[in-house]
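Below is one structure, written out as structure tokens, with a few remarks after it.
No value in this document is a laboratory result; all are computed from the given coordinates. All figures in this text were calculated on a predicted structure; none of them were measured in a lab. Please note: Cβ atoms are built from the backbone with ideal geometry, for glycine as well, and neighbour counts cover all protein chains shown.
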Amino acid sequence: NDVVIRVRNLKKYFELHAGMFKFWGEPIYVKAVDGINFDIHKGEILGLVGESGCGKTTTGRLLTRLEDPTEGNILFEGEDIAKLKGRELKNYRRNVQMIFQDPYESLNPRFTVQKTVMEPLIIHGIGESYDERVEMVIKALEDAELRPAEEYLDRFPHELSGGQRQRVAIARALVLRPKFIVADEPVSMLDVSIRAGVMNLMLDLRDRYNIPFLFITHDIAVSRYMSDKMAVMYLGKIVEMADSDEVVFNPMHPYTKALISAVPVPDPEHKHGRVEIKGEIPSPINLPPGCRFWPRCPYAQKGICDVKEPPLVEVEPGHYVACHFAEQLAAGELESGEEAK
Ligand code: SF4
């Protein structure tokens with residue numbers, strides 16, 4: 001069994017500030033992540049895709065235990081880490097690293113590259129001597145393709161480009177030889193011209209060390225390039241999950257279809273009707289009843305979609321969709337315009 005991360009019924013509810021929002025004495029919750037399930041296997045990259053506010057960053061923070069889950073299980077190599085504390089949590093954090101969106105904010109401006117990359121070794125007590133740690137830092141910088149590594153050791157973040165900073169952040173994650181990496185929008189703040197280099201670096205690292213990744217992005221084209229499998233999130237739920245090519249070329253959920261409609265068609269052979277979504281993403285405080293997508297869905301059916309929440313079901317082998325009409329939509333049997341509103 002090569003499952004590294006198994007997530008079951010994972011939930012994270014944030015309680016809103018009681019003084020401002022308390023209503024009839026009941027606390028009000030934002031359901032940032034609301035009962036999600038997925039597995040990530042050894043050497044696999046799972047892309048987690050959705051608009052901002054859909055819960056994808058919270059999911060990454062739960063998996064790295066920067067947030068405590070409200071409910072559910074996160075199994076790492078078979079062991080539930082959802083409730084780890086103290087030393088056990090510290091050990092887990094050594095195995096699971098996060099790469100953040102903003103390489104300008106994620107590096108301490110007063111630390112040299114050497115100090116930045118060496119810090120996790122010191123925190124976790126790794127390396128017998130200073131010299132051994134320097135060697136590990138150099139190896140991590142070379143793995144992140146900062147060569148010759150010795151030339152970077154004494155530099156400060158302001159002396160580096162955005163791409164070089166993100167490579168330092170990647171080296172800092174790699175120096176601990178992690179067993180799993182969460183990358184949260186790691187290229188979205190980089191200049192387009194250097195994005196491919198950083199993405200290829202992460203793909204190389206996966207190939208070289210068999211490290212699985214959770215790759216979080218709002219960009220379905222980036223996700224397709226990076227990930228083997230894709231999970232599309234909407235308002236705290238996974239609405240579609242399958243192999244990445246299957247999601248892109250055979251999308252079944254209207255929301256996924258809309259995300260794909262918004263980017264240039266990567267392959268004109270694979271046509272699917274344009275789906276445009278209406279309005280803004282609803283407030284996660286006041287979720288619509290039934291399917292959370294119905295107020296924006298061009299296929300919503302009154303009396304069904306606005307009443308009953310669709311479960312995530314395996315519609316085709318390995319292809320999971322949360323829509324009452326996924327099969328009819330895939331077969332082209334449902335016209336848009338039959339709206340619930
Ligand atoms: Fe649209 Fe209804 Fe499917 Fe939700 S369940 S995505 S509202 S058709």
Once you place label points 7 Å from the Cα toward the Cβ at S52 and R208, how far apart are they in nm? 3.3 nm
Scattering profile of region 135-271 from the Debye formula, Cα beads only, expressed as log10 I(q)/I(0) at q = 0.17, 0.19, 0.20 Å⁻¹, is -0.95, -1.10, -1.17
As a test of understanding, state the convex hull volume per residue of the chain from its alpha carbons, in Å³. 160 Å³
Placing +1 on each Lys and Arg Cβ and -1 on each Asp and Glu Cβ in region 82-203, then taking the dipole about the Cα centre, the residue among L146, N91, P109 whose Cα reaches farthest towards the positive end is N91
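At a 10 angstrom cut-off on C-beta neighbours, averaged per residue, how do the peptides 82-88, 243-249, 253-259 rank from highest to lowest?
Result, highest mean Cβ count within 10 Å first: 253-259, 243-249, 82-88.
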quick note, the chain, DSSP beta bridge pairs, % antiparallel (nearest 5) is 65 percent
Looking at this model, which pairs from K56/K115; K42/K237; K11/K90; K42/K90; K31/K179 are more than 26 angstrom apart at the alpha-carbon? K56/K115; K31/K179
log10 I(q)/I(0) for region 105-169, Debye formula on C-alpha points only (no solvent), q = 0.18, 0.26 Å⁻¹, two decimals, reads -0.59, -1.18
Just the number, please: Stokes-Einstein D of region 209-252 in µm²/s, Kirkwood Rh from C-alpha pairs, 20 °C, 1.002 mPa s. 195 µm²/s
Mean projected area, convex hull of alpha-carbon positions in region 233-335, reported to one decimal in nm², is 6.5 nm²
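Once fully extended, how much extra length lies between R274 and K302, figured as 0.36 nm per residue of separation less the alpha-carbon to alpha-carbon distance?
Gain on extension, R274 to K302, equals 7.9 nm.
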Relative contact order for the chain, counting Cα pairs under 8 Å that sit 6 or more residues apart, in percent: 19 percent
Could the peptides 109-122, 58-71, 214-227 be put in order, highest first, of the mean number of other beta-carbon atoms found within 10 Å of their residues? 214-227, 58-71, 109-122
